[in-house]
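Questions regarding the structure given below will be posed in turn.
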């Protein structure tokens, strides 16, 4: 089953200084952290903050190309988690034909934000993410154990996150 999610915020892994995008369901009962690259975090942050540049950045260019070609970004789905790597698909619509494109979740999210497309996470991905040893990635966060970290992530609100600065 797919669960509709929203970007709750961006934060930084205190151990590795790697950006993390936090997705939460609309009822704010489930959350999922996805470690992403610096450039993708920048693309997400600039769209969340509605920052525009004089020239299009990569995700803006992709979105403009799709619009020019008459392709609609319908939704993105984060559909798998294997070996601590998340997988996503971008669902496109062109002349009543649905196209599905493999993507990194961070790129799919950055594009979805620009297109005002819905973001979904497969419930099995949320379940799998609960079994990932986040303690290996966030060890200095008050030494949270697996259960406490899960509870911590599920109860985060957007106000808990600082703004990601580039």
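Scan 3, 34 and give me the residue that is farther than 12 Å from residue 113 by Cβ, within 9 Å of the chain's Cα centre (by Cα) and at pLDDT 95 or above.
Numbers: 3 fails: within 9 Å of the chain's Cα centre (by Cα).
None of the other options fit; the residue is 34.
Could you pull out every one of the helices (runs of 4 or more DSSP H) wholly within region 53-166 that has 3 or more residues that are at pLDDT 95 or above and surrounded by fewer than 18 Cβ atoms within 10 Å (Cβ to Cβ)? Steps first, please.
Working: elements: 58-68, 105-115, 123-130, 146-154.
Counting at least 3 such residues, we get 58-68.
Spot the failing condition for residue 44; the list is (1) touching a helix residue (DSSP H, G or I) at 6+ places or on another chain (Cβ under 9 Å); (2) under 23 Å from residue 125 (Cα atoms); (3) not in a helix (DSSP H, G or I), and only one is missed.
For residue 44, the failing item is (3).
The values are calculated or read from the model by the stated rules, or taken from the named source; none is laboratory data. Keep in mind it's a predicted model, so treat the numbers as computed, not measured. Heads up, the Cβs are rebuilt from the backbone with ideal geometry, glycines too, and the neighbour counts pull from every protein chain shown.
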